[in-house]
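Q: Dumping the structure here so I can ask a few things about it.
The values are calculated or read from the model by the stated rules, or taken from the named source; none is laboratory data. Keep in mind it's a predicted model, so treat the numbers as computed, not measured. When we count neighbours, we look across all protein chains shown, and the Cβ atoms used for this are built from the backbone with ideal geometry, even at glycine. Side chains are part of the model used for accessible areas, which takes the heavy atoms of the whole protein and leaves out ligands, DNA and RNA. Shrake-Rupley method; radii C 1.70, N 1.55, O 1.52, S 1.80 Å.
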Amino acid sequence: MNKKAVKRTICLILCAVILFCLSNCIGKDKSGNKNDDKTSAVAEQTTTTTTTTTTTTQSQIKSTDKLIALTFDDGPYSPVTNKILDTLEEYGARATFFVVGNRVSQYADAVKRASDLGCEIGSHSYSHQNLTKVSTAGMKEELDKAAAEIEKVTGSKPKVLRPPEGATNESVRSCVGYPMALWSVDSLDWKNRDAQMDYNVVTENVFDGCIVLMHDLYPATAEAVAKFVPELTAKGYKFVTFSELMEARGVETEPGVRYFSAKPKTEPTSAESTSAQSSAS
């Protein structure tokens with residue numbers, strides 16, 4: 001073989017080696033890019049999922065929604081409170097529980113569960129004292145002790161009060177330091193102790209923006225709730241806390257002011273109404 005042929009053969013071998021190396025490098029790069037694409041897709045999917053998961057239920061409440069603030073007084077009482085919570089949890093509903101402070105530690109499980117489900121825990125005083133019949137110092141003690149018991153269980157002090165028996169006067173209004181949630185629909189469950197009657201009263205009287213009064217002490221109340229919550233939900237109502245109702249309707253609550261409803265903005269909110277109220281809350 002002459003020198004030219006040898007050179008030609010060497011050149012061909014070198015070219016083949018170079019092409020082989022280039023081919024391997026390109027293959028690795030493409031494989032790496034594919035892995036990067038998969039990683040990016042997973043990251044994007046994770047980000048999207050996280051965003052969806054952390055979207056708060058509060059952001060889903062619109063001022064134009066049909067809203068009901070379901071409220072319960074005189075508890076907690078775990079056998080009944082937990083049955084009510086079962087229904088609320090099943091239908092994505094919430095309520096406000098106005099608890100009596102001296103009952104909270106005994107039924108702390110129910111209070112904690114309600115709070116964890118997004119329900120509001122309000123004060124109903126420490127020992128269910130009619131606040132119009134105690135001194136200013138006595139009133140302060142009732143509310144402070146109740147707030148302390150609630151904070152022990154939920155980690156937060158209450159932001160709203162329902163005065164026992166719905167009783168207020170000028171002294172109460174000037175001293176309590178909380179907005180006061182009264183009501184526009186009284187279920188009379190404390191009197192009826194009958195699930196069908198409770199159901200009838202609520203379903204025949206609810207309206208957009210109403211505050212419903214019930215008591216989580218009676219088994220019949222839990223039965224009525226299990227019946228009307230799904231039915232009213234199917235009719236387009238959303239069950240929210242007192243504070244969510246006020247916020248959705250743009251009502252800035254003030255200490256010492258009584259609130260009875262929060263109707264759509266085309267209708268006036270019922271605050272400081274002179275309507276007669278039941279004395280059994």
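Q: Ratio of Rg to Rh for the range 73-154, alpha carbon only, Kirkwood?
A: On the way: Rg = 13.1 Å, Rh = 12.8 Å.
Rounded to two decimals, Rg/Rh equals 1.02.
Q: Also: Near Ala146, within a Cβ-to-Cβ distance under 12 Å, what is the net charge of the other residues, with Lys and Arg +1 and Asp and Glu -1?
A: Overall, the nearby charge balance is +1.
Q: Rank these by accessible area, largest first, 1.4 Å probe: Tyr259, Tyr107, Tyr91.
A: Tyr91, Tyr107, Tyr259
Q: 7 Å from Cα along Cα→Cβ at both Thr203 and Ser105: what's the point-to-point distance in nm?
A: 4.3 nm
Q: Starting from the Cα of Ala137, step 7 Å along the direction of its Cβ; do the same at Thr266; then give the gap between the two resulting points in nm.
A: For Ala137 paired with Thr266, the spin-label model returns 5.4 nm.
Q: Using label points projected 7 Å from each Cα along Cα→Cβ, tell me how many nm separate Arg193 and Ser156, to one decimal.
A: Inter-label distance under the simple model: 3.6 nm.
Q: Here is a further query. Taking Rh as the Kirkwood radius computed over C-alpha pairs, what is the Stokes-Einstein D of the range 116-213 at 4 °C in a medium of viscosity 1.567 mPa s, expressed in µm² per second?
A: Values: Rh = 14.9 Å.
In µm²/s, the coefficient rounds to 87.
Q: Just to make sure I understand: if all protein chains stay in place, what is the order of Lys238, Lys62 by accessible area at 1.4 Å, largest first?
A: Lys62, Lys238
Q: Taking a quarter of the surface of the Cα convex hull of the range 128-281, what do you get in nm²?
A: Here the figure is 9.6 nm², rounded to one decimal.
Q: Next question, about the same structure. Accessible surface of Arg103 in the full protein assembly, 1.4 angstrom probe, to the nearest 10 Å²?
A: Estimated to the nearest 10 Å², Arg103 gives 60 Å².
Q: OK, next. Between Glu170 and Glu90, what is 0.36 nm times their sequence separation minus the Cα-Cα distance? Round to one decimal in nm.
A: Contour length minus the Cα-Cα distance gives 24.7 nm.
Q: What is the local net charge at Asn200, summed over the other residues whose Cβ is closer than 15 Å to its Cβ (Lys, Arg +1; Asp, Glu -1)?
A: Result for the neighbourhood of Asn200: -4.
Q: Another one. Which number comes out as Rg/Rh for the range 156-196 once both Rg and the Kirkwood Rh are worked out on C-alpha atoms?
A: When Rh is taken as the Kirkwood radius, the ratio is 1.10.
Q: If one puts a single equal scatterer on every Cα of the range 186-241 and applies the Debye formula without solvent, what log₁₀ I(q)/I(0) results at q = 0.13 Å⁻¹?
A: Ignoring solvent entirely, the Cα scatterers give -0.27.
Q: Further, regarding this structure: Stretched out fully, how many nm does the piece from Val257 to Thr233 gain, at 0.36 nm a residue minus the Cα gap? Don't jump to the answer; show the numbers that get you there.
A: On the way: separation 24, 0.36 × 24 = 8.64 nm, distance 2.99 nm.
My answer for the length gained is 5.7 nm.
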